[in-house]
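All remarks here apply to the structure that follows.
The values are calculated or read from the model by the stated rules, or taken from the named source; none is laboratory data. Computed from a predicted structure; not experimentally measured. Neighbour counts are summed over all protein chains in view; Cβ atoms, including those assigned to glycine, are modelled from backbone coordinates with ideal geometry.
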Amino acid sequence: MSRSRPKERMRRESSKGKLFVVSAPSGCGKTTLCKRLLAGGLGLADSVSMTTRPRRAGERSGIDYRFVTEKRFRDIMRRRGFLEYEENFGHLYGTPRRFVEDRLKKGKPVLLSIDVKGAMKVRKAYPASSVLIFLLPPSIAALKERLRSRKSDSPEVIRQRLGLAKRELSYKNRYEYRIVNDNLEKAYRRLKGVVSAELGRRK
């Protein structure tokens, strides 16, 4: 785990809460680790992303994602209802603005699980409140094996995901914390330790 602090904060915000932003290439265990973190007794509010992609087996709307039509998603975009949004693999993903802003104003910590471009937008909007955490695979070879073992993507999609992962990894030094997920239990302890320390710093 490594840590680096930005030299300057762009502006002060009126929010009192902390905004924890977790990013990782697909296959790095981000979803599993974030779910454990939310259940870890830290009082984190879960910001559920909205998406236009089809629901996968076992996923629940409002829990894993808020699944909406593209028309509804773009209507919300036009009303500036997203804190950030991006398109990945032909589907739109966005963070509802109101939920995040309401919790931060009340001093409650919020967890966002979003991609690197979204994370940069969040930092720009909340430079003093956001804490960015990047999860890394032990290696690209290990990541490739994880993606294959999921058996949910075709070889072509895996190739595309690996290409995207390499681009996402180029952002890692823009994050305050970097955690290598070489072992799920160890990675979780590191992640929880980072969040606990930051919450203690606020107090």
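Residue-level check: of (1) touching a Phe, Trp or Tyr at 6+ places or on another chain (Cβ under 9 Å); (2) modelled with pLDDT under 90, L33 misses just (2). Scanning segment 36-65 for residues that are under 25 Å from A125 (Cβ atoms), outside any loop (DSSP other than H, G, I, E, B) and either modelled with pLDDT of 95 or more or among the small types (G, A, S) (or both) yields L37, L38, A45, M50, T51.
Is it fair to say K203 is surrounded by fewer than 20 Cβ atoms within 10 Å (Cβ to Cβ), within 14 Å of the chain's Cα centre (by Cα) and modelled with pLDDT under 95? No. Scan segment 145-161 for residues that are free of Cβ contacts under 8 Å to residues at least 60 places away in the same chain and not small (G, A, S) and the total you get is 8.
Contact map, segment 171-182: first residue under 19 Å from A197 (Cα atoms), second residue at pLDDT 95 or above and among the polar types (S, T, N, Q), Cβ cut-off under 9 Å, separation 6 or more or different chains; pairs are Y175/S23; E176/S130. Looking only at residues in segment 183-193 that are in contact (Cβ under 8 Å) with a residue 40 or more places away in the chain and either basic (K, R) or in contact with an Asp or Glu (Cβ under 8 Å, 6 or more places away or on another chain) (or both), the one that is nearest to L42 (Cα to Cα) is K192. Residues in segment 72-127 that are exposed (fewer than 14 other Cβ atoms within 10 Å of the Cβ) and touching a residue at least 40 places away in the same chain (Cβ under 8 Å): F89, H91, K105, K106, G107, K124.
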